[in-house]
Amino acid sequence: MLIGRIFNRIFGRQEAPQRTTETEQSAPQPAAEPQDTREPELPVEPGLHYVAVGDGPFSKSLQLKATTLEHLWSGEASRDEVQNAFERISWKVLREKNRDNEIQELIAEDQSPSDFDGREGHVVIPDKNFEYHGDLESVKYPPSGGKPTREGNIFTDSTKAGLAKYDSESKKFHFLPNQTKQIEGTTFGDHSRTIQSSDFRITEEGAVILPTATNLEDAKKLVEKRELAEKAQWLLDYAEKVRETVDYRIDNRDGDHDSRPGHALADKIDEYWFLRDNSLPHMKHQTYSVEQGPNSVRLYEDSYNKKPELILKAVSNGPVTDIEFAQNDGHESLHVRWDKSTGTVSAEHRQSEAYQPPAPKPQPVSYGSSERSYYQPPRPPERPRDLLPQGFTSSNRIRSHGGGHHVMVKSETGNPHDYNYPESFRDPSTGKTYRKTTYVRGSSGGGLERMYVEDRG
């Protein structure tokens, strides 16, 4: 029993305290130190790690936990490296478990003929390359093979991409890349050309007060300003709706990579719920990434692993909330600042200095215009009313034994009982008129045809 307790102290396992025996003197035990529950220290900023889900080190389910989109994207980019490191550590854990069992068996050889050290609690076995001293809490035994290293319950594997650590007690697997992946998306920083800007009053409830006028002349001057106020109101409402949607569709659900309450982090979100709940005017993409905290939200269009583009950013700092929204495929943006302390809203419509709007396409002039049209669609050819109707074809004329000409006419529908067969028609090449007679079988065997005979009046 004593040997087992010493072994467990060395290798980090805790046992329930044992009752003292007559040969063991009772002694006051020092107070147990508080258990350190901190995660292993990692080489770069905290917030990105994987958690191995399931019992045992060979669980293949790795859940990525992160606090920012940059961490999330870095984790996704390192997933193959993470999986390889996890498999190496898993094999190392298995080998170390076998080694621990071997050490336990060798300690049990104490006082046996193979033990060269006659003291109790000390084991030296040369042919096993094993040495154990219980009072010193030390063991000498060849380590198991493999690259990952072990320190107590912590297994570490250093790779070119980052550092991986696994806690065999908590079953948590952590990985941090050496470099956080940065995504260069729309930043609105190059939108330095101001197209329109204005300030408005706003109620405490967030209703933008539209400017008013008492006469037609002043009202015409306020048209664009009122349009900007309506856009500001729309953006305020939209940002709030996005936050509400993320709260009940992402936060603390399966796709959320940030387990902190009130925080949500997800990528590859299908556009369906954004379009349904928010009427999101998506540009070219169909999936989204979102990072949301108590005072901020960032929304990207990522389009199935393509380069993400920032389309919405909102940050609240005390009474001031700043919102930015991309428009026109990211060439323009709408900026709104709501200052609750002053009850005002500042709105700006900006554009990139390098943006060149596409040249307008030439528009065709209406047929009634005196100007010449750039393009006139072709008109269908006119058919004389006394010719065969559209959808009917005639074969070559044949001479009958009566000296007249007969014409075989067939409908495109192939229906010999088509009631649209004309009663008569005129051949424009000869000027002769033909009248309807009986049905006959076509020469090609493709059904019945209507025979027309020359009308000689």
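Consider D110 carefully, then state whether it is surrounded by 16 or more Cβ atoms within 10 Å (Cβ to Cβ), more than 30 Å from R88 (Cα to Cα) and touching a residue at least 24 places away in the same chain (Cβ under 8 Å).
On the way: surrounded by 16 or more Cβ atoms within 10 Å (Cβ to Cβ): yes; more than 30 Å from R88 (Cα to Cα): yes; touching a residue at least 24 places away in the same chain (Cβ under 8 Å): yes.
Criteria met by D110.
Give the residue that is modelled with the lowest pLDDT, with candidates limited to residues of segment 49-85 that are among the β-branched types (V, I, T) and either out of contact with any Ser or Thr (no Cβ under 7 Å at 6 or more places or on another chain) or surrounded by 21 or more Cβ atoms within 10 Å (Cβ to Cβ) (or both).
Residues of segment 49-85 among the β-branched types (V, I, T): 51, 53, 67-68, 82.
Narrowing the set further to residues that are either out of contact with any Ser or Thr (no Cβ under 7 Å at 6 or more places or on another chain) or surrounded by 21 or more Cβ atoms within 10 Å (Cβ to Cβ) (or both) leaves 51, 67-68, 82.
Working: V51: 61, T67: 85, T68: 86, V82: 81.
Looking at the filtered set, the residue picked out is V51.
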**Message:** Please go through (1) under 30 Å from N178 (Cβ atoms); (2) without any contact (Cβ under 8 Å) to a residue 60 or more places away in the chain; (3) open to solvent by less than 40 Å² (accessible area, probe 1.4 Å); (4) in a helix (DSSP H, G or I) for S144 and return the number of the only condition it doesn't satisfy.
**Reply:** (4)
**Message:** Need the failing condition index for E151 against (1) open to solvent by less than 30 Å² (accessible area, probe 1.4 Å); (2) under 30 Å from L62 (Cβ atoms), just the number.
**Reply:** (1)
**Message:** Any residue that is assigned to a loop (DSSP other than H, G, I, E, B), open to solvent by 90 Å² or more (accessible area, probe 1.4 Å) and without any contact (Cβ under 8 Å) to a residue 60 or more places away in the chain - is there at least one of those in segment 206-222?
**Reply:** yes
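For segment 293-327, which positions are part of a loop (DSSP other than H, G, I, E, B) and either hydroxyl-bearing (S, T, Y) or at pLDDT 90 or above (or both)?
Within segment 293-327, the subset part of a loop (DSSP other than H, G, I, E, B) is 294-295, 302-308, 318-319.
Residues satisfying the conditions are P294, N295, S303, Y304, G318, P319.
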**Asked** How many of the residues in segment 268-290 are within 19 Å of G255 (Cα to Cα) and either open to solvent by 40 Å² or more (accessible area, probe 1.4 Å) or at pLDDT 95 or above (or both)?
**Response** 6
**Residue pairs meeting the criteria (Cβ under 8 Å; at least 6 apart or on separate chains; first open to solvent by 50 Å² or more (accessible area, probe 1.4 Å), in segment 229-257; second at pLDDT below 95 and assigned to a helix (DSSP H, G or I))** = K241/D277; K241/N278; R249/W273; R249/D277
**Message:** Being within 30 Å of L62 (Cβ to Cβ), open to solvent by less than 30 Å² (accessible area, probe 1.4 Å) and among the aromatic types (F, W, Y) is the requirement here; does W91 meet it?
**Reply:** no
**Prompt:** Which one of the conditions (1) open to solvent by less than 30 Å² (accessible area, probe 1.4 Å); (2) in contact with a Leu (Cβ under 7 Å, 6 or more places away or on another chain); (3) among the hydroxyl-bearing types (S, T, Y) does T159 fail to meet, given that it meets all the rest?
**Reply:** (2)
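The values are calculated or read from the model by the stated rules, or taken from the named source; none is laboratory data. Just so it is clear, the model here is predicted, and its values are computed rather than measured. Here the Cβ is made from the backbone with ideal geometry for all residues, glycine too, and neighbour counts use every protein chain on show. These area figures cover heavy atoms from the full protein model, side chains too; ligands, DNA and RNA do not enter into them. Shrake-Rupley method; radii C 1.70, N 1.55, O 1.52, S 1.80 Å.
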